DNA sequence: TTGAAAGCGCTAACAG
DNA sequence: CTGTTAGCGCTTTCAA
């Protein structure tokens, strides 16, 4: 087989065959030198290593992955690349302008990155856009040994399909499917505590809720909010529809509130991103936070601490979320864990100035 | 060959063979449906797609990569994971505490990420720590079609070896090797302008330089500094050795300066990171910036804008650096570019308050 | 301790 | 438009 392996002219990428030939051993020995060094005599190993280096041998991960049945990589799937493709062209802005950085997903990703590095996994972000008929999530799933996905990033069907092949952790979701591990933060409790603060300490009664109910974590936040309201004997207001990824929705809601003539006492937002957008929109209209109206957020992203006033919010342990996901997957891949894992991480109420506290 | 493909009990990952069988076609047809849909009759394609979905077929990127000779992924290599492994255990701190985020490399990475996504490349971060005899950089090189590396992250030898197999862009370095594409920012000019400002506007004469000369970009910064000093007829001070990645080095230098009894008028630091560390160290000693001593940085990271006072610094177009790297590699992989590419991006002097300006 | 040989799952000629 | 058939480069029993 290794006959016509090299054409006389073009220098092809050297393979195990080339290294083996140069070192005067078999390809199996070359392979062992790199994967099971203890099984090879030291002197032989040295020859092989020398040959490999002088030839500029770079082992093919594809070949290894195919033969071994695993790649050594973990994937992180954030959202469907196609859906926000145009958003990308609309906002190619520099860091700091327009888009605040880092956002929730960035901080989680950071945790994933750090933990992957610590444990020796390669990290695969996103998939290639080469297979029109295949969802992106499937493409990335085909490249890795395990996958981490944000809640709502993958359609249920895709999630099921991927989870039936490789371990999957869904971040910030609720337990939804057998075989899908989850990490979720105590959204309900956090929002409950925050709302209670607004009602009990500040005595607010006219409260608006800006957010969405698209994924379990958002539902839980609203749930915590509702419970606090009900416990205080107050009616639960409708959710004013706002999407964290799109400030325009927040701006629109604020505009509607302003136009209505009477502002609520406080706007409870289900993310820091929309809270910050709301503060900006209010300020632009000459309304001061928290003097004229209080605003609260959720997440505890960097920008919430740096804004003026700092946001009263609920802090999620974002880096830990990312780290925990990798840890779970590492356990499972190592065979040290079999059952479904569902990890609950605590959240922390953070008092800023935006609620009206000094 | 596809005889004993499925053992009766354990449900194995379905392959093209399984899909082909279920759809009543050949494996080539299955392959075409996903890679060259136009070559397959619509009705056939539908059957195949249906079969694939019901079986939960997830194509193996390893197999595809091996057969095609390319993976569709681009790698980003930041530094040797082994070297900073313990640093990682020392500072597992949360975002915002102690270690700042995002740093220079994070912002560049963001650009790489965005551009990879836009162009449909998968992004591979780091390599697996599984091959004791192989440098990490080699492992990641084996996984991708092209590699982006930070200057100084890879030993020259490794760089050469990798570059002989796949296109490589080195970020923030100088042109060093044939076949290694580079992107560099005008470090010299930026630092020259900043230093000139200190000398001409503020009239400083007693100037210290904190930094290193480890990679070309740092050398260029010092070069710009030196030129400005010489042009003003001032002696060029020695470099006080400080490493951006290790605040302890900065703290030590500041301590030495404080102990010496007389502080310079200004500390010119070759990164924002060390400048921020210096400001902190000075503050801890009761020295106020810029009243008692001025401090300047380089990079323009987010933290430099948020610090009090904001840092006078030189801003690098970090996101653009990352994007450009991907663009170059995309061109080369598409065969639209053959020669070595060396791109020079501009830097911008940024006036903060830390130099003594109001 | 090392070698021979059979795949891993997919792609891409080349036929038909 | 679809099927046949070689490999892609590496790992891994099984023998020697």
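Laboratory data are not the source of any read-out in this text; all were calculated from the coordinates shown. Since the model is a prediction, treat every value here as computed from it, not as a measurement. For neighbour counting, all protein chains shown are included, and Cβ atoms are generated from backbone atoms with ideal geometry for every residue, glycine included.
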Completion exercise
With one decimal in nm and the nearest listed first, the spacings from residue A:114 to its own position in the other copies, using label points 7 Å along Cα-to-Cβ, are 2.4
Practice task
Evaluate the relative contact order of the range B:187-316 (contact order divided by residue number), counting alpha-carbon pairs under 8 angstrom at least 6 apart; express in whole percent.
Solution key: 24
Fill in the blank from the handout: Inter-copy distances for residue B:346, label 7 Å out on the Cα-Cβ vector, sorted ascending, nm, one decimal, are 5.2
Practice task
Evaluate the distance, in nm, between pseudo-label points positioned 7 Å from the Cα of residue B:331 and of residue A:308 along their respective Cα→Cβ axes.
Solution key: 4.3
Exercise for the section: Count the DSSP beta bridges whose two residues both fall in chain B, then state the antiparallel fraction as a percent rounded to the nearest 5. Expected result: 10
Problem - Calculated FRET efficiency for the pair residue B:42/residue A:41, C-beta based, R₀ 45 Å, to 0.05 - result: 0.15
Handout entry: For the range B:187-316, share of DSSP beta bridges that run antiparallel, in % to the nearest 5
Key = 10
Exercise for the section: Determine the shape class of the protein assembly as shown: with a ≥ b ≥ c the square roots of the Cα gyration tensor eigenvalues, call it rounded for a/c under 1.5, and otherwise prolate if a/b is greater than b/c, oblate otherwise. Expected result: oblate
Completion exercise
In deg cm²/dmol, rounded to the nearest 500, the helical mean residue ellipticity at 222 nm of chain B, built from -39500 (n - 2.57) for every DSSP H run of length 4 or more, is -13000 deg cm²/dmol
Exercise for the section: Measure out, as a whole number of angstrom, how far apart the alpha-carbon centroids of the range A:142-192 and the range A:255-306 sit. Expected result: 31
Practice task
Report the antiparallel proportion of the DSSP beta bridges in the protein assembly as shown as a percent, rounded to a multiple of 5.
Solution key: 15
Handout entry: Between the range B:29-50 and the range B:200-243, the Cα center-to-center distance that results, in Å
Key = 64
Handout entry: For chain B: rounded, prolate or oblate by the Cα gyration tensor [a/c cutoff 1.5]
Key = prolate
Practice task
Compute the long axis of helix A:104-119 from its Cα atoms, compare it with the longest principal axis of the Cα atoms of chain A, and write down the angle in degrees, 0 to 90, nearest 10.
Solution key: 30
Exercise for the section: Specify the angular offset, from 0 to 90 degrees and rounded to the nearest 10, of the alpha carbon long axis of helix B:187-200 from the longest principal axis of the alpha carbons in chain B. Expected result: 20
Completion exercise
Across B:289, B:321, B:48, the residue with the highest GNM fluctuation in chain B (Cα network, 10 Å cutoff) is B:48
Exercise for the section: Would you kindly work out, in nm and rounded to one decimal, the distances from the label point of residue A:174 to those of the same position in each other copy, ordered shortest first, with label points 7 Å along Cα-to-Cβ? Expected result: 6.1
Problem - Highest-fluctuation residue, B:44, B:250, B:313 considered, GNM on chain B with Cα pairs under 10 Å - result: B:44
Exercise for the section: Find the relative contact order for chain A and round it to a whole percent, using C-alpha pairs within less than 8 Å whose residues are 6+ positions apart. Expected result: 16
Completion exercise
Length gained, residue A:193-residue A:223, 0.36 nm per residue minus C-alpha separation, equals 9.6 nm
Exercise for the section: Rank A:108, A:185, A:25 by mean-square fluctuation in a GNM of chain A with C-alpha springs under 10 angstrom and give only the top-ranked residue. Expected result: A:25
Problem - residue B:28-residue B:201 FRET efficiency (beta carbon distance; Förster radius 51 Å; 0.05 resolution) - result: 0.10
Completion exercise
1/(1 + (r/R0)^6) with r = Cβ-Cβ of residue B:262 and residue B:348, R0 = 51 Å, i.e. FRET efficiency to nearest 0.05, evaluates to 0.95
Practice task
Answer rounded, prolate or oblate for the range B:187-316, using the Cα gyration tensor with square roots of eigenvalues a ≥ b ≥ c: rounded when a/c is under 1.5, else prolate when a/b is larger than b/c, else oblate.
Solution key: rounded
Fill in the blank from the handout: Of B:149-157, B:120-128, ordering from highest average Cβ density within 10 Å down gives B:120-128, B:149-157
Exercise for the section: Report, in degrees rounded to the nearest 10, the 0 to 90 angle that the Cα long axis of helix A:318-333 makes with the longest principal axis of chain A. Expected result: 40
